[in-house]
2 protein chains.
Amino acid sequence: MDRSDDGAVVRAVSKDVRGPGGLDDLDRRILEVLRDDARMSNAELAAAVGVAPSTAHVRLRSLRERGVISGFVTSVDQRRLGRGLQALVHVGLRPGARRASIEDFAREIRGLPQVLQVFFLGGVDDFIVHVAVSDSSALRAFVVDHLSSKPTVASTTTSIVFDYYRNGVAASFG
Amino acid sequence: MDRSDDGAVVRAVSKDVRGPGGLDDLDRRILEVLRDDARMSNAELAAAVGVAPSTAHVRLRSLRERGVISGFVTSVDQRRLGRGLQALVHVGLRPGARRASIEDFAREIRGLPQVLQVFFLGGVDDFIVHVAVSDSSALRAFVVDHLSSKPTVASTTTSIVFDYYRNGVAASFG
DNA sequence: TATGAAAGGAATTGCAT
DNA sequence: ATGCAATTCCTTTCATA
């Protein structure tokens, strides 16, 4: 007798509407608030999204456990680190480059302190490196020492970043 | 009688050596620890860098007040937001574009929810937009609706991001 | 699933070295 | 600049609706 035909079975509440990734409206509001203030206290977060602190706490933990939130990172003014010059370096790889050597190369680039981000584009033969360095001679040294001189690299094109704007932070692909 | 001439005035300690931006070694260690774990508690931070919690607290506040740390942001897995496709769109502007219209255009692009980052390159006539969208048709719609159709835009080139790695987060230019 | 209460822990401030 | 101590606030868990 599991029939639910009594006419009072309308359990679909508006707040239960889940969008992509199984996120409901409260989840999305939490992400929005935390996006640019990751160190906000749980109490503040709860007040900002209009729920009890215990509720915000459970939701936030769930977002982390599900991997929706991949981490909390600190935004640093690169100028204050002595890196007042940013650039995007477009790297073209040799057509015949072997997969293993490309991966070794990529790993090496990723580990360099000047490197902020690496975008691997359109297959395996092309990427863009976002770097922050002290000045133009350090930029040249970076490109020469770590890119142009590698056998895997066919070409590089360097563009100076004159202005930069960030809306959100994407997780590294895993 | 405030003289401190008792011969024990050698206060210069090696830890006081400051590098670029007036940061000493402890500041740099704090930034390193916090870079990928912005929500770490002050007590944990202090233990991680080997000082008392009060010291870590004072240093962290100073880093924020001086603008070395520009903020704490949350890294979100874009797939879980229904944005499983990322791309870099290279935008060439019309040579005759007026400064004001370029700025209006840039402001409009920055406000779009698909946009993660915008790099303004090599002057004022060229930039790269990092976007996260649901699929290839959404990507096409983004490029057509917000870029190609604008009078300021001369050309666009779209590259799909197959892999992405982030080492650090730079502050938006102010 | 959301909430409120209770206990334990942490942040923040002032003060002393 | 660092360490310590006291107050206040927050986090965390659990029972409840």
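The values are calculated or read from the model by the stated rules, or taken from the named source; none is laboratory data. Note that the structure is predicted; figures quoted are calculated from it, not measured. As a convention, Cβ positions derive from the backbone with ideal geometry for all residues, glycine included, and neighbour counts pool all protein chains shown.
Checked against the criteria, A:A52 does not count as in contact with a His (Cβ under 9 Å, 6 or more places away or on another chain), at pLDDT 95 or above and near DNA strand C (Cβ under 10 Å from one of its atoms).
This table checks each residue for (1) modelled with pLDDT of 95 or more; (2) away from DNA strand C (no atom under 16 Å from the Cβ); (3) more than 30 Å from B:P20 (Cα to Cα); (4) outside any helix (DSSP H, G or I).
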{"residue": "A:M1", "(1), (2), (3), (4)": "no, yes, yes, yes"}
{"residue": "A:V9", "(1), (2), (3), (4)": "no, yes, yes, yes"}
{"residue": "A:L26", "(1), (2), (3), (4)": "yes, no, yes, no"}
{"residue": "A:M40", "(1), (2), (3), (4)": "yes, no, no, yes"}
{"residue": "A:A47", "(1), (2), (3), (4)": "yes, no, yes, no"}
{"residue": "A:L60", "(1), (2), (3), (4)": "yes, no, yes, no"}
{"residue": "A:T74", "(1), (2), (3), (4)": "yes, no, no, yes"}
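For every residue, the table says whether it meets (1) farther than 29 Å from B:L85 by Cβ; (2) within 12 Å of DNA strand C (Cβ to nearest atom); (3) of a type outside the set (D, E).
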{"site": "A:H57", "(1), (2), (3)": "yes, yes, yes"}
{"site": "A:D77", "(1), (2), (3)": "yes, no, no"}
{"site": "A:R80", "(1), (2), (3)": "yes, no, yes"}
{"site": "A:I128", "(1), (2), (3)": "no, no, yes"}
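Against the conditions (1) touching a strand residue (DSSP E or B) at 6+ places or on another chain (Cβ under 7 Å); (2) surrounded by fewer than 21 Cβ atoms within 10 Å (Cβ to Cβ); (3) not hydroxyl-bearing (S, T, Y), B:I69 satisfies every one except (2). Going by what's in this entry, would A:R35 be described as more than 19 Å from B:A132 (Cα to Cα), more than 9 Å from DNA strand D (Cβ to nearest atom) and in contact (Cβ under 8 Å) with a residue 40 or more places away in the chain? Spelling it out, it is not the case that A:R35 is more than 19 Å from B:A132 (Cα to Cα), more than 9 Å from DNA strand D (Cβ to nearest atom) and in contact (Cβ under 8 Å) with a residue 40 or more places away in the chain. Within the stretch B:94-104, at least one residue is more than 30 Å from A:R29 (Cβ to Cβ), touching a residue at least 24 places away in the same chain (Cβ under 8 Å), crowded, with 17+ Cβ neighbours inside 10 Å and more than 16 Å from DNA strand C (Cβ to nearest atom). Scan the stretch B:113-134 for residues that are exposed (fewer than 15 other Cβ atoms within 10 Å of the Cβ) and at negative phi and jot them down. Listed by number, the list holds a single entry, B:P113.
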